[in-house]
Each structure stands twice: as structure tokens, then as C-alpha cells.
Amino acid sequence: MNSKNEVKSYEADFSGTKISFEVGKMGLLADGAVVARYNDSVVLATAVVSKNIKEDIDYFPLTVEFQDKWSATGKISGSRFIKREGRPSELGILRSRMIDRPIRPMFPKGYMNEVQIIVSPLSLDGTIDPAVLGLNAASAALMLTGAPFEGPLGAIRIGRIDNKFVINPTNEQMEASEIDILVAGTKDAITMIEGGAKEIPEDVIAEALEISFKSLQASNKLQEEMSKDQNISAQKYDLKLPDKDAYDSVLKYLESKLGDSIRHKDKIARNLLLAELEDMVVGEFSEKYEEADISAAFEKIIKEEVRRSILEEGIRPDHRKMDEIRPLTSEVGILPRTHGSGLFQRGQTQILSITTLASPSKAQVVESMDQDFNKKFMHHYVDTPASYGETGRLGAGRRAIGHGFLAERAIEAVLPLESEFPYTIRVVSEVLSCNGSSSMGSVCGASLSLMDAGVPIKSHVAGIAMGLMTIDGDLNKKHVILTDIMGAEDFAGDMDFKSAGTRSGVTAIQMDIKVKGLTIDFLREVMKRAHVARMEILDVMDSAIKEPRAELSQYAPRLTTLHINPEKIREVIGKGGEVINKIIADTGVEIDIEDDGTVVVAAVDGKAADEAVAIINGIVAEPEIGKVYDGRVVKIMDFGAFVEFMPGKEGLVHISQIANERVEKVTDVLKEGQEVKVKLTEIDSQGRNNLSIKATLPKDK
């Protein structure tokens, strides 16, 4: 960064709104610091690059942290006990991933200097996605570090409202949009895609990508202008590459030993063969080279052989054709007590998805710096070390959260309206085994499970992952598109392009690459092939279950919805919740009450639900003059008795209205707690209810 710390601002038109990058005012000790502004949204991005290689690692040590800053939206956390920003929210994690993924491939292979990017929203007005502004700011900050970052990268979010594309739609506009896609790219090509759609055809998605690519160039040009003006000095660095002598020696040793080891369709057997082969290599060269150099050379050679086999011989690791999907199976209803279950398998990737239905009160409360809502549909992706044939720690990492969100977004487009199906829905996709494309497998499993549970989704949703092999990352040289990539192809390949959707169109899309970018024409071809594959998968899913079951599981709660006068809500709840808690305790149901008077009663037992509904209706019912009620004497007075004739409602039976004959003392006929039939004869001007027992008795002859 320019050591003068002179405050300078650079601005440009960004699809109709001014965007600016300010340098030299904040983050003075960071290697690169940029304050990005868009309307009243302000984001600070800092980048710090270590001067030396980080030893004892075999991956690029880049970390990206998107920080939730509640003050940016003028809010204080609703938590009673914790007001300081703590660990990132799921939304914060997703935004961190969106910024990380397009930046990571823009550094040279073997670059092992630690890079940390921190994105801190300072002010947000809802007119731009903070992840979009943050990604542009992060790229600009990296441009100031002098690190070998092959940017700049621009990013935009695109929507489509009333068949018109909208660049960087506001939060309000996005609610009406049928497309929500974030696109990042260089001046030459697209590097990352992340988003969802409401069953939109591939050609429309491609058009959106094309418009996005053109629109994000304004940010790239502005970053180049800023970098040139700041006169940034290039950082000196070394690349950590496999020792050339070790590489040449290991390559020669493995020359005739790789075929069967790499070309094995079974992941476990393949890994065992490769592990044995690596042990042989280490044993052969341990006295001549460092073990780390031997392992790095071995890994590089394996990747190169997978790529060479596909590009030169047309042979995939499991001998499939380039457009062939691994064997598919689909099953439903395999778990007896869950509300819905689906087992989806593609090759050795196996997903068990389980649906649970609950009352509206079980919705997840989402509270973040810029979003507050109740989440009625949740999809959780759960993998374990065992699913990869390994040992390790349990817990949901960033990858699992990202995969779960992608599948959630894919399914959301086909869910019923809340007014038609008010349940809270949770789907858990358990990854039982993984050999590539487990996130798209969880889309398929979730769809099967939802139909098995009787959730009235519009149609099945299926997902597929597409791959790419190139020569030196150059599409103009020979390249091969792979349908349904397995683990080894993902590991050695240049692209992971995920597409999910129905027969009508795309519902979710995500792309990560290891090359410097992909053209629109190329992406059109990938989407075309993904569409063909999706139709094949949907056929197999339809063979298991073609439409949602007509009835819910006997173990799922039944929801009964009624609407009461909002002014009566207080009476149903009672003082301190006394009334509603008694109904719940007596009947065993769950009761949710909305501010508009919507009451939802949830119960597995239909009789219990009917009983609770009857009680609630009794509480909110208005007294009717002339109607006979079953009442209970609650208080005796000299002049009559007070009788509760409706829940929470009392009236007076005057002594003259107790019996046909004259009554001298009320206690001669009535006692407290006695059940009697009464007729409401009058509601006087003061709202008092006058009752009569006499009016319900047979007349004397």
C-alpha cells in the first residue's frame, strides 16, 4: 500500500449508482485497506499478507472473515446476555465463503504466504448486498498489497422482476425477484456464481450471467485505476512447489504403476491402492528426499495422471463416458417413525434425508445485523469423517453450512405457500458416504423425503455437479466437460459447477473454479449438459415417488387453523399465560397465536386437537341472547347467584329467576360449584349478563 497514507477516493458509475473506493483514511497499518461506499452502505475491507511462506502446510493459507456488525444497521443484539458480536452467524459464514471462493484461484499455485481478508460493514442501508460490496472491497484491498493476486475481481448481484433484469436490487426489490444470483469475475471471464431461481430455464440464467459479467466490469476498471494511481510495488515471494528432482524421480518410478490404482471405481479400494503406492514411493526415496517433498510430488503426479488420462485417452477414473452419470437409486419410506425419509445414491455417494414437521412455533428465529425473520424451512447437511472413510472430529464446518444452504435454496422454489401448509419443516440430509457431489445428492434426498412426508411440493428437485479438465487452465486448448464428477475428478479438475432444478427450470446454481475464469459461451454448454443429466436423475426419482403422499405420517402433528378476533387474544392467553397453559396441559396440544388472530393447534391426536379447538372457540365466542348454556355456580349472594356460563364470562341469576316457585333463600336451591342450565335473557346497557334458570325449566301446569 502507498506509504504516504494520503486520503484519496476513486468513484465510478456502478449500474446507475455511484460506487467509491477510499484509500488512506482507515486501516492504516494493513497492507491493503479500502472503504467501499454505495449509497449509504459503507464497508471496510482489510488485507494483510505475510512476508514469508507458511511452513508445514500443503494448502494456500487464505482466510476470509465477514464480520457481523450490528451497529451498521443501528441495532443492538436481542440476546439478553450477550451484546458483543461473537462467533459469526450462519449468514456471516455464507458471506465469507462467497468472498473467499472467487479470490482463492487468483493466486499462483504454490503461493504459501498467509493472506487474511477481513470485511467489516460499517453502515448498511439495504440497497446492496453487503457480500457484494464486501467482495468488491476485498479485491480492491488485495490490489493494494502488491501480493501476486491476479485481479481485480468485480462482483454484482442480479435479479429479475417482471421479466426485466435488475443489477444490485434492493432488499425490497429482491422479494419480488424470480432470480437471485451473485456473480464475480475478472475483465476476461466469470470466476464464481452463487444463487437461486424460481424454476427459470437455462437460457435465461445464461442471459443473466452475460449481463452480470458486463455490469461488474465497472468495478474492475475502477480498481485498476486505483491500483495504478497508488503506484503499488510488487511483493517479492517464493512459490512452494514440489522439489523438481524429487518430482522427476518419483515420476520415473511411477511410470508404469499408476493405471490400475487411479482407474478404480471404488473409492476405498482406490485410496488403499494409492496409499500402498505412496508408501512404496516413500520407502524408495526416503533417504534421498524429505518426506514432505516426496508426498507433494506424489500428489501432483496423481492429479496430472487423472487429467492426462481424461484429456489424452478419454478415460475417466471409473471408466464412464464423459456425459455418463454414475448408477442411480432412489428409495422412500425406509424409516418407520420419521415423518418422511428418502435415500438417494449416485455411485458411492449416498444421502439419507429425513423430514420432520412441526408447529409454526418451532420456526428458527433469525436475528442478524441486517435480517430478522422466522425461518419455517430448514435444510441441514450433516457429514461425518466416516462418510469419507476417515477419522476426525464431528461438527458442522463452513463447508457443511454452505452445502446445506445451497440445497435449501434449491428446494425453496417448490415449497407450498405458508397459508396452504403452515408447518415448520426441517430436513436433515445425512451423508452416509461421499465420493463427490454430496451437496447435489442432498437436494435429491431432500426432495424424496419431502414427498414421502406428504409435503405438497410442486415437483421433484434434482441436482448435478459438472466438472472440467483443461490443459494449463486454457479453454482454447483442449478441454473436456465431465458430467457427474466423482471425488478424484473434483480433486484433480478445474471446475465444480453445481446446478439444481425441476423439469421446468433451475432453482439453484453454484460454480467454483481453479482456473482464472470461464466464458459465457462455455457456461451455456455446461448448463445445457447439466439440464440433460438432471432429466435423467428426475426420471429415477419419479420411479420411487412421483408426487407427495396424500396423507401425512400418523406420527406427524395435525394442524388445525382458526381465526379469532385479535382483541380476544388476551382472553385465550390469560393472565401470565394461565388460560393457554391450562389448555395445553389438559389436552397435550401445542398452540401458536399470531398477532392477526390466527390460531394454530398442533396435535398428533385428532381428538385432543378437537377438544382444544372447542375450548378456544368457547373462550372467544360472543354471548347470544336467548341461547341456553351449561353453567357453573361460582358465587352465592342474598339476591341471587353468579354463574359462569362461558369460559371467563359470568352472569347473574336473580333469586326470582332460579325456579318456577318462590325461593326464600338462594342457598336452599343452589350451592357453589353446582352445574346448571341457564338462558341468557339480557345484556344490559352496562354490558352485564342477566341469566335465568327458570326460563330453562318446564312450565308449571
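List pairs: first in the stretch 248-271 and within 15 Å of S295 (Cα to Cα), second modelled with pLDDT of 75 or more and part of a loop (DSSP other than H, G, I, E, B), Cβ under 7 Å, 6+ apart or cross-chain?
Going by the 7 Å Cβ cut-off, the qualifying pairs are N271/G389.
Would you confirm whether or not the stretch 367-384 contains a residue that is of a type in the set (K, R), assigned to a helix (DSSP H, G or I) and more than 25 Å from R101 (Cα to Cα)? So that I can check it myself, show each step before the final result.
At the first step, the residues of the stretch 367-384 found to be of a type in the set (K, R) are 375-376.
Remaining after also requiring assigned to a helix (DSSP H, G or I): none.
Looking through the stretch 367-384, none of the residues is of a type in the set (K, R), assigned to a helix (DSSP H, G or I) and more than 25 Å from R101 (Cα to Cα).
Could you say whether any residue in the stretch 384-392 is surrounded by 15 or more Cβ atoms within 10 Å (Cβ to Cβ), in contact with a Cys (Cβ under 8 Å, 6 or more places away or on another chain), at pLDDT below 95 and not assigned by TED's automatic domain parsing to the domain that holds R97?
Step one: filter the stretch 384-392 for residues surrounded by 15 or more Cβ atoms within 10 Å (Cβ to Cβ), giving 384, 387-388.
Then keep just the ones that are in contact with a Cys (Cβ under 8 Å, 6 or more places away or on another chain); that gives 387-388.
With at pLDDT below 95 added as a condition, the list becomes 387-388.
When the remaining residues are screened for being not assigned by TED's automatic domain parsing to the domain that holds R97, the result is 387-388.
Yes, there is a match, as at least one residue in the stretch 384-392 is surrounded by 15 or more Cβ atoms within 10 Å (Cβ to Cβ), in contact with a Cys (Cβ under 8 Å, 6 or more places away or on another chain), at pLDDT below 95 and not assigned by TED's automatic domain parsing to the domain that holds R97.
Looking at the stretch 596-616, which of the residues that are modelled with pLDDT of 90 or more and not aliphatic (A, V, I, L, M) is surrounded by the most Cβ atoms within 10 Å (Cβ to Cβ)?
E611
Restricting to the stretch 311-335, and then to whatever is crowded, with 20+ Cβ neighbours inside 10 Å and either within 32 Å of the chain's Cα centre (by Cα) or within 27 Å of V282 (Cβ to Cβ) (or both), can you tell me which residue is modelled with the lowest pLDDT?
Selected residue: P317.
If I filter the stretch 632-665 down to residues being under 27 Å from I583 (Cβ atoms) and among the aromatic types (F, W, Y), which single residue comes out as farthest from the chain's Cα centre (by Cα)?
F642
Only one of G436, G441 is under 30 Å from E299 (Cβ atoms) and under 16 Å from the mean Cα position of the chain (by Cα). Can you tell me which? Step through it out loud before you land on a result.
Values: G436 fails: under 16 Å from the mean Cα position of the chain (by Cα).
Just one listed residue meets the conditions, G441.
Which residues, counting only those in the stretch 552-583, are in contact (Cβ under 8 Å) with a residue 24 or more places away in the chain and hydrophobic (A, V, I, L, M, F, W, C)?
Within the stretch 552-583, L552, A556, L559, L562, I564, I569, V572, V579, I583 qualify.
Show me the helices (runs of 4 or more DSSP H) entirely contained within the stretch 520-618 in which 1 or more residues are assigned by TED's automatic domain parsing to the domain that holds S499 and of a type outside the set (V, I, T).
520-544
Any residue that is more than 30 Å from L239 (Cβ to Cβ) and touching a residue at least 12 places away in the same chain (Cβ under 8 Å) - is there at least one of those in the stretch 43-52?
Yes, the stretch 43-52 contains at least one residue that is more than 30 Å from L239 (Cβ to Cβ) and touching a residue at least 12 places away in the same chain (Cβ under 8 Å).
Can you tell me which of A400, A386, A358 is touching a strand residue (DSSP E or B) at 6+ places or on another chain (Cβ under 8 Å), of a type in the set (A, V, I, L, M) and closer than 27 Å to P327 by Cα?
Matching residue, one of A400, A386, A358: A400.
Among residues belonging to the stretch 60-96 that are at pLDDT 95 or above and hydrophobic (A, V, I, L, M, F, W, C), point out the one that is surrounded by the fewest Cβ atoms within 10 Å (Cβ to Cβ).
By that ranking, first place goes to L62.
When the residues of the stretch 676-692 are narrowed to those that are within 15 Å of K635 (Cβ to Cβ) and free of Cβ contacts under 8 Å to residues at least 60 places away in the same chain, which ends up surrounded by the fewest Cβ atoms within 10 Å (Cβ to Cβ)?
The selected residue is R688.
Could you give me the residue pairs with C-beta distances under 9 Å whose first residue belongs to the stretch 61-89 and is in a loop (DSSP other than H, G, I, E, B), whose second residue is loosely packed, with under 10 Cβ neighbours inside 10 Å and not basic (K, R) wherever it lies, and which are 6+ apart or on separate chains?
Once the first residue is in a loop (DSSP other than H, G, I, E, B) and sits in the stretch 61-89, its partners that are loosely packed, with under 10 Cβ neighbours inside 10 Å and not basic (K, R) give G78/V365; K83/I76.
Here are G493, G463, G473, G487: which of them is assigned by TED's automatic domain parsing to the domain that holds S447 and at positive phi? Before the answer, list the steps.
Numbers: G493 fails: at positive phi; G463 fails: at positive phi; G487 fails: at positive phi.
Within the list G493, G463, G473, G487, the selection yields G473.
Of A462, A492, which residue is within 24 Å of I354 (Cα to Cα), crowded, with 20+ Cβ neighbours inside 10 Å, touching a strand residue (DSSP E or B) at 6+ places or on another chain (Cβ under 8 Å) and among the hydrophobic types (A, V, I, L, M, F, W, C)?
A462
Going by what's in this entry, would F377 be described as touching a Leu at 6+ places or on another chain (Cβ under 8 Å) and either in the same structural domain as D490 (by TED's automatic domain parsing) or at pLDDT below 95 (or both)?
Details: touching a Leu at 6+ places or on another chain (Cβ under 8 Å): yes; either in the same structural domain as D490 (by TED's automatic domain parsing) or at pLDDT below 95 (or both): yes.
Answer is yes for this residue.
Among the candidates I509, I481, I545, which residue alone is β-branched (V, I, T), under 24 Å from A453 (Cα atoms), in contact with a strand residue (DSSP E or B) (Cβ under 8 Å, 6 or more places away or on another chain) and surrounded by 17 or more Cβ atoms within 10 Å (Cβ to Cβ)?
I545
Return yes or no: is L415 touching a residue at least 40 places away in the same chain (Cβ under 8 Å), under 16 Å from Q350 (Cβ atoms) and not aromatic (F, W, Y)? Break it down into steps so the answer makes sense when it comes.
On the way: touching a residue at least 40 places away in the same chain (Cβ under 8 Å): yes; under 16 Å from Q350 (Cβ atoms): no; not aromatic (F, W, Y): yes.
Spelling it out, it is not the case that L415 is touching a residue at least 40 places away in the same chain (Cβ under 8 Å), under 16 Å from Q350 (Cβ atoms) and not aromatic (F, W, Y).
Closer than 26 Å to R104 by Cβ, touching a strand residue (DSSP E or B) at 6+ places or on another chain (Cβ under 8 Å), in contact (Cβ under 8 Å) with a residue 24 or more places away in the chain and part of a loop (DSSP other than H, G, I, E, B), is that true of A36? Break it down into steps so the answer makes sense when it comes.
On the way: closer than 26 Å to R104 by Cβ: yes; touching a strand residue (DSSP E or B) at 6+ places or on another chain (Cβ under 8 Å): yes; in contact (Cβ under 8 Å) with a residue 24 or more places away in the chain: yes; part of a loop (DSSP other than H, G, I, E, B): no.
Against the criterion (closer than 26 Å to R104 by Cβ, touching a strand residue (DSSP E or B) at 6+ places or on another chain (Cβ under 8 Å), in contact (Cβ under 8 Å) with a residue 24 or more places away in the chain and part of a loop (DSSP other than H, G, I, E, B)), A36 does not qualify.
Inside the stretch 121-153, can you point out the residues that are surrounded by fewer than 21 Cβ atoms within 10 Å (Cβ to Cβ) and under 22 Å from the mean Cα position of the chain (by Cα)?
Answer for the stretch 121-153, where residues must be surrounded by fewer than 21 Cβ atoms within 10 Å (Cβ to Cβ) and under 22 Å from the mean Cα position of the chain (by Cα): G126, T127.
With assigned to a helix (DSSP H, G or I), in the same structural domain as V49 (by TED's automatic domain parsing) and under 20 Å from P105 (Cα atoms) as the only criterion, which of A155, A208, A141, A184 stands out?
Exactly one residue qualifies, and that residue is A141.
What number of residues within the stretch 471-488 satisfy the criterion of being in contact with an Asp or Glu (Cβ under 9 Å, 6 or more places away or on another chain), closer than 18 Å to M440 by Cα and in contact (Cβ under 8 Å) with a residue 60 or more places away in the chain?
6
Go through (1) under 21 Å from G195 (Cβ atoms); (2) assigned to a helix (DSSP H, G or I) and name the single condition E489 misses.
In the conditions (1) under 21 Å from G195 (Cβ atoms); (2) assigned to a helix (DSSP H, G or I), E489 misses (1) alone.
Looking at the stretch 98-116, can you tell me whether even one residue there is assigned to a helix (DSSP H, G or I) and over 27 Å from P242 (Cα atoms)?
yes
Looking at the stretch 630-641, which of its residues are crowded, with 18+ Cβ neighbours inside 10 Å and free of Cβ contacts under 8 Å to residues at least 60 places away in the same chain?
Scanning the stretch 630-641 gives V633, G640, A641.
The values are calculated or read from the model by the stated rules, or taken from the named source; none is laboratory data. Bear in mind the structure is a predicted one, so any value in this text is a computation, not a measurement. Here Cβ is always computed from backbone atoms with ideal geometry, including for glycine, and neighbour counts include all displayed protein chains.
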